[in-house]
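Q: Please see the structure below; I have some questions.
The values are calculated or read from the model by the stated rules, or taken from the named source; none is laboratory data. Predicted model, so just to flag it, every value in this text is computed and none were measured. With ideal geometry, Cβ positions are generated from the backbone for all residues, glycine too; neighbour counts draw on all protein chains shown. Side chains are part of the model used for accessible areas, which takes the heavy atoms of the whole protein and leaves out ligands, DNA and RNA. Shrake-Rupley method; radii C 1.70, N 1.55, O 1.52, S 1.80 Å.
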Amino acid sequence: MSRLRLAILISGRGSNMEQLLKAASEDNYPAEAVLVLSNKTNAEGLETARSHGVAAKAVPHKDYADRESFEHALDAALREHDVDIIALAGFMRVLTPWFVRRWEGRMLNIHPSLLPKYPGLETHKRAIEAGDEEAGCSVHWVSEGVDEGNVIAQARVPILADDTPQTLADRVLVEEHTLYPHALALACEQVKKKPSS
Ligand code: GAR
């Protein structure tokens, strides 16, 4: 079966995006990257995407009157590129139920905690303050509740006695980079089994 057309949504650095682009550049990977979108004009990841030969475009949320009109612009760009599956990779905007329903079962996200623990922000700080012995990252389907969708795959790391939120984030990020391409491949297999919308 042909490869799914992948779009990646970012807001900044795009290190997870770059790992997905590398994986998707292999002929035997179940998705090919066709588009990177950022809600921030100055996102570093936009240049990285272009250096991998992938179309990259900013759709600045600040240019739109409300969330729905911003998301209609995102959706138009995704449809224009005939996208089949979306990977959120450090995309820091909460999506409306309209957009989530439109892409239901075709959109995944990476989150830096062992969900259902610590949805939202400051995950590493919260894990350290709670005295947890381990932390990690989760790739999950996007549903209407923030960071609440079904988990596809997780990776774990120990929390060390002298960890700061930054040292822990760095350790988790190393795992994110391996986890996301693996989980996206699993997700593609599920999407391919569904009739297209
Ligand atoms: C990653 O750690 C990702 O898990 C996190 O932002 C970072 C983005 O880094 N995402 C969230 O917190 C989403 N709520 P990257 O731009 O280098 O991939």
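Q: Report yes if some residue within the stretch 39-48 is open to solvent by less than 20 Å² (accessible area, probe 1.4 Å), on the phi > 0 side of the Ramachandran plot and either within 15 Å of the ligand (Cβ to nearest atom) or of a type in the set (Phe, Trp, Tyr) (or both); otherwise report no.
A: no
Q: Let me ask you something else. What about Ser143, is it touching a residue at least 40 places away in the same chain (Cβ under 8 Å) and not hydrophobic (A, V, I, L, M, F, W, C)?
A: Details: touching a residue at least 40 places away in the same chain (Cβ under 8 Å): yes; not hydrophobic (A, V, I, L, M, F, W, C): yes.
Answer is yes for this residue.
Q: A further question follows. Could you list, in sequence order, all residues of the stretch 75-95 that are surrounded by 15 or more Cβ atoms within 10 Å (Cβ to Cβ), over 16 Å from Val139 (Cα atoms) and among the aliphatic types (A, V, I, L, M)?
A: Within the stretch 75-95, Ala77, Leu78, Val83, Leu95 meet the criteria.
Q: I'd like to verify a number: residues in the stretch 158-182 that are more than 12 Å from the ligand (Cβ to nearest atom) and closer than 25 Å to Ala23 by Cα, how many? Walk me through how you get there before you give the answer.
A: At the first step, the residues of the stretch 158-182 found to be more than 12 Å from the ligand (Cβ to nearest atom) are 158-164, 167, 178, 181-182.
Keeping just the survivors that are closer than 25 Å to Ala23 by Cα gives 178, 181-182.
Number of matching residues: 3.
Q: Also: Say we look at the stretch 1-27 and pick out the residues that are hydrophobic (A, V, I, L, M, F, W, C) and within 8 Å of the ligand (Cβ to nearest atom); which of these is surrounded by the most Cβ atoms within 10 Å (Cβ to Cβ)?
A: So the residue we want is Met17.
Q: If you check every pair at least six apart or on different chains, which have Cβ atoms under 8 Å apart with a residue in the stretch 146-168 that is among the polar types (S, T, N, Q) first and a residue that is open to solvent by 70 Å² or more (accessible area, probe 1.4 Å) second?
A: Within 8 Å, the pairs are Thr167/Leu160.
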